[in-house]
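The structure appears below as structure tokens.
The values are calculated or read from the model by the stated rules, or taken from the named source; none is laboratory data. Nothing here was measured: the structure is a model prediction, and the numbers come from that model. Cβ: placed from backbone, ideal geometry, glycine included. Neighbour counts: every protein chain shown.
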Amino acid sequence: MRTSTISIRRARPADADPLADLFDETWREAYRGVIPGVALERMISQRSPQWWLGATQRVRPLVVVETAEAVVGYAVYGPARGRLLQASGEIDELYIRPDHQGLGLGRRLFRAVRNDLSDHGLVIAGVWALEENTRARTFYAGLGGIEAARSVDRLAGAVLPKVGFRFG
């Protein structure tokens with residue numbers, strides 16, 4: 001696996017198929033055993049290439065991490081969607097393909113997103129991670145995130161506690 005040529009750029013319509021595959025792989029790896037099986041399968045099936053095509057054309061930024069070989073990560077972010085984190089900006093999703101984790105790509109993507117948020121006046125950023133997603137919680141804490149809030153998501157009858165991190 002070569003990662004010497006890395007770019008972080010806005011997603012394009014041609015990225016829809018790779019993003020659907022990436023979403024499937026990253027969500028199965030991160031949430032199998034955390035999100036109830038049927039609900040996880042439903043969420044993955046809803047994020048079809050057609051859904052991702054639409055996402056590339058929305059106002060909320062969708063960026064990808066691309067190596068010389070493939071799209072290996074993505075992030076969605078923008079103004080905060082709620083007030084609980086007391087942040088002006090929010091990272092909705094940030095995922096790196098499992099076989100590319102641990103190489104610093106997530107940190108690079110996070111910094112790029114934070115810089116873009118700051119450039120748009122959204123200096124304090126927040127992000128949510130499911131409480132059982134230890135990897136994500138460790139990642140955000142390692143980047144200097146402060147636990148700022150707790151909440152729950154309800155999905156297919158399951159209550160999924162989540163932790164909010166704030167960066168400022």
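One residue stands out in the stretch 117-168 among those that are part of a strand (DSSP E or B), of a type in the set (Lys, Arg) and without any contact (Cβ under 8 Å) to a residue 60 or more places away in the chain: the one that is surrounded by the fewest Cβ atoms within 10 Å (Cβ to Cβ), namely 154.
Scanning the stretch 17-38 turns up at least one residue that is of a type outside the set (A, V, I, L, M, F, W, C), closer than 30 Å to residue 151 by Cα and assigned to a strand (DSSP E or B).
From the list 73, 54, which residue is part of a strand (DSSP E or B) and of a type outside the set (Phe, Trp, Tyr)? The match here is 73. Among the residues of the stretch 109-119, are any in contact with a strand residue (DSSP E or B) (Cβ under 7 Å, 6 or more places away or on another chain) and under 26 Å from residue 40 (Cα atoms)? Yes, that holds for at least one residue. Residue pairs whose Cβ atoms lie under 7 Å apart, sitting 6 or more positions apart in sequence or on different chains, and linking a residue in the stretch 26-52 that is hydrophobic (A, V, I, L, M, F, W, C) to a partner that is in a loop (DSSP other than H, G, I, E, B), are 30/133; 34/132; 34/133; 38/156; 39/156.
This table checks each residue for (1) in contact with a strand residue (DSSP E or B) (Cβ under 8 Å, 6 or more places away or on another chain); (2) at pLDDT 95 or above; (3) at positive phi; (4) exposed (fewer than 14 other Cβ atoms within 10 Å of the Cβ).
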| site | (1), (2), (3), (4) |
| --- | --- |
| 13 | no, yes, no, yes |
| 16 | no, yes, no, no |
| 23 | yes, yes, no, no |
| 51 | no, yes, no, no |
| 74 | yes, yes, no, no |
